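Single-structure report; data block below.
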Amino acid sequence: MALPRRKLQAVNSVRGIDHVTITTRDLRAAKRFYEPTLQPLGFSVVFDWPDGGRAYLGLPTEPSSLWIVQRSHPGRASVSLGAVDRDAVDAFYAAALAAGGQAVSPPAHRPEYTARTYSAEVVDADGNTLEAICRRAEPLPGAERAA
């Protein structure tokens, strides 16, 4: 197995969740889905190791937080990622569908959570669900629940 072209940099330890691993049967196909789908949320591939069956995505200046790992028997994950605004949620959803994702919940306000919650959810080819969620969207007129 060839080594990656770029070494991982040591980062300060974090509290809470360090990263989420999504397993896939086909790393190339998963990257074709996740790269454009997560771009509207600010994510990009920060570490790419095709020979090792791995691609790590993250936000600029942050350690990688979403790892895609090829395995012969992938599991299922459900991941919700923060979006800065409604436009980012809408762009995420459009990019996911264009990249082959299947719709679970189209972009919409979710007053059952809070008056300011706006989200969309998709599923990838391996059955993993991915949600983009903005918790600071302008509330719908007449929304009763406080954000």
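The table that follows gives values for the structure above.
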| item | result |
| --- | --- |
| Hey, GLY75 more than 19 Å from VAL20 (Cβ to Cβ) and in contact (Cβ under 8 Å) with a residue 40 or more places away in the chain or not | no |
| Criterion violated by ARG136 - all others in (1) modelled with pLDDT of 95 or more; (2) in a loop (DSSP other than H, G, I, E, B); (3) basic (Lys, Arg) satisfied | (1) |
| Top-ranked residue in region 60-86 [being buried (at least 17 other Cβ atoms within 10 Å of the Cβ) and hydroxyl-bearing (Ser, Thr, Tyr); ranked as nearest to ARG135 (Cα to Cα)] | SER65 |
| Considering residues of region 10-27 that are modelled with pLDDT of 70 or more and assigned to a loop (DSSP other than H, G, I, E, B) only, the residue nearest to HIS73 (Cα to Cα) | ARG25 |
| Residues satisfying the stated conditions in region 127-147, i.e. in contact with a helix residue (DSSP H, G or I) (Cβ under 9 Å, 6 or more places away or on another chain) and farther than 20 Å from PHE43 by Cα | ALA137, GLU138 |
| Residue in region 42-51 that is hydroxyl-bearing (Ser, Thr, Tyr) and farther than 30 Å from LEU140 by Cα present | yes |
| Close pairs from region 43-66: first in contact (Cβ under 8 Å) with a residue 12 or more places away in the chain, partner polar (S, T, N, Q), Cβ under 6 Å, at least 6 apart | VAL46/SER64; PHE47/SER64; GLY53/GLN70; TYR56/SER64; GLY58/SER64; GLY58/SER65 |
| The one condition in (1) within 30 Å of LEU140 (Cβ to Cβ); (2) not in a helix (DSSP H, G or I) that PRO60 fails to fulfil | (1) |
| Odd one out for VAL122, checked against (1) under 14 Å from TYR34 (Cβ atoms); (2) touching an Asp or Glu at 6+ places or on another chain (Cβ under 7 Å); (3) among the aliphatic types (A, V, I, L, M) | (2) |
| Output for region 94-124, where each listed residue is surrounded by 17 or more Cβ atoms within 10 Å (Cβ to Cβ), in contact with a helix residue (DSSP H, G or I) (Cβ under 9 Å, 6 or more places away or on another chain) and not in a strand (DSSP E or B) | ALA95, ALA96, ALA99, GLY101, ASP124 |
| Every residue from region 46-59 that is under 21 Å from ALA88 (Cβ atoms) and surrounded by fewer than 18 Cβ atoms within 10 Å (Cβ to Cβ) | LEU59 |
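The values are calculated or read from the model by the stated rules, or taken from the named source; none is laboratory data. Only a predicted model underlies this, so the values are computations on that prediction, with no experimental measurement involved. All Cβ positions, glycine included, derive from the backbone under ideal geometry; neighbour counts span all protein chains shown.
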